[in-house]
1. Within the range 97-110, count every residue that is of a type in the set (F, W, Y), touching a helix residue (DSSP H, G or I) at 6+ places or on another chain (Cβ under 9 Å) and surrounded by fewer than 22 Cβ atoms within 10 Å (Cβ to Cβ).
2. Can you tell which of E230, E261 is among the charged types (D, E, K, R), without any contact (Cβ under 8 Å) to a residue 24 or more places away in the chain and surrounded by fewer than 17 Cβ atoms within 10 Å (Cβ to Cβ)?
3. What residue, among those in the range 251-286 that are within 24 Å of E188 (Cβ to Cβ) and of a type in the set (A, V, I, L, M), is farthest from the chain's Cα centre (by Cα)?
4. Considering only residues that are aliphatic (A, V, I, L, M) and crowded, with 21+ Cβ neighbours inside 10 Å, which ones fall in the range 125-147?
5. Looking at the range 48-70 only, could you name the residues that are surrounded by fewer than 21 Cβ atoms within 10 Å (Cβ to Cβ) and closer than 25 Å to L300 by Cα?
6. Working carefully through the options F113, F81, F73, find the one that is within 19 Å of R225 (Cβ to Cβ), surrounded by fewer than 22 Cβ atoms within 10 Å (Cβ to Cβ), in contact (Cβ under 8 Å) with a residue 40 or more places away in the chain and not small (G, A, S).
7. Please tell me if E188 is modelled with pLDDT of 95 or more, closer than 30 Å to I208 by Cα and surrounded by 20 or more Cβ atoms within 10 Å (Cβ to Cβ).
8. Of the residues V257, V226, V245, only one is part of a strand (DSSP E or B), touching a Lys or Arg at 6+ places or on another chain (Cβ under 7 Å), of a type in the set (V, I, T) and at negative phi; which?
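The values are calculated or read from the model by the stated rules, or taken from the named source; none is laboratory data. The model shown is predicted, which means the values in this text are computed figures rather than measured ones. Cβ coordinates were reconstructed from backbone atoms using ideal geometry, including for glycine residues, and neighbour counts include every protein chain displayed.
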Amino acid sequence: MTRIFAIALWAILGLIGVTTATLAQSEGRQRLGYGLLFTNDVLGDADDRWRTGSITSSRVWGPDWQGHAPDRFGQLLEFRFHGEVIAPENLSRPAALDRPYVGALGFGLHTHFQKAEVDYALGADLIVTGRQTQLDDFQDFLHGFLGGREVSGRVRRNQIDDAIRPSGVFEASREFELGRARLRPFAEARLGVEDLIRAGADITFGGIGQSELLVRDVVTGHRYRVVRAEQAGTAFLLGADIAYVDDSDYLPARSGVTLTEDRTRVRAGLHWENRNGAALFYGLTWLSEEFDEQREGQFLGAVQFKLRF
């Protein structure tokens, strides 16, 4: 990623911070929705390794929802929390050339808007990393309770450093009607903890997700529902993307492993909702290798649900 591109993106993210802080004081904004997505490799290939687990939560405020994002930048605001654990293949006895342990907590402000039928998402996050997150202790506690591997002292000592790392994302996409299906090609750029550019597409069969706001999960690429339209039924989705990765703080040079410059994700999922408003989403994603010494890709499962009592 060139220096000019990096400077330009950081300038845009700075503008977001100033603009959204001002617009957040304007009248007429209300809470529009909430979304929560869990990912875990136990729900995929049933192993406990690499991109092992995450949780992402989004809360959205904006003007009355009209079935699509507003056309003004900064009018709709999404506050996002993301927690993630990335681990070597063996938590107790890691191989000499395996990735370091990562505990990461992200806190971000994003905005979504639409111009000329193109949907844009632009946001900035602060990513807290290292032992200060205490995610190694939390994972060790869960494993002790559920019977998983212990997180060894060696893994804890070799995790990435304590830091607060800024990160930014920009995505542009457009939806096309193809009979009963909807095709959404997209392009994305990320800068900060990982510098990459990505292109891909998602196709949805079924009505769920139409006239709603869905936001993209950073790990799997699945789009999870945040602003909903009550609609019973099912929807099946397929998606894939490929990325060029220039740099990653999650794979520092001191780790001894070699960053793989190209990454591929392939995913499928199912949305279901009943007439009472209860809803469930399950998605499965294949992630290609992220470093040259990684011996294979992995499958992650993703789950979102809504209960109505």
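1. Step one: of the range 97-110, the residues of a type in the set (F, W, Y) are 101, 107.
Among the residues that remain, those that are also touching a helix residue (DSSP H, G or I) at 6+ places or on another chain (Cβ under 9 Å) are: 101.
Still in the running and surrounded by fewer than 22 Cβ atoms within 10 Å (Cβ to Cβ): none.
Adding up the residues that qualify gives 0.
2. The match here is E261.
3. L259
4. Of everything in the range 125-147, those that are aliphatic (A, V, I, L, M) and crowded, with 21+ Cβ neighbours inside 10 Å turn out to be I127, L135.
5. Listed by number, the residues that qualify are D48, R49, I55, S57, R59.
6. Going through F113, F81, F73 in turn, the sole match is F113.
7. Working: modelled with pLDDT of 95 or more: yes; closer than 30 Å to I208 by Cα: yes; surrounded by 20 or more Cβ atoms within 10 Å (Cβ to Cβ): yes.
So E188 fits the description; yes.
8. Selected residue: V245, the only one of V257, V226, V245 that is part of a strand (DSSP E or B), touching a Lys or Arg at 6+ places or on another chain (Cβ under 7 Å), of a type in the set (V, I, T) and at negative phi.
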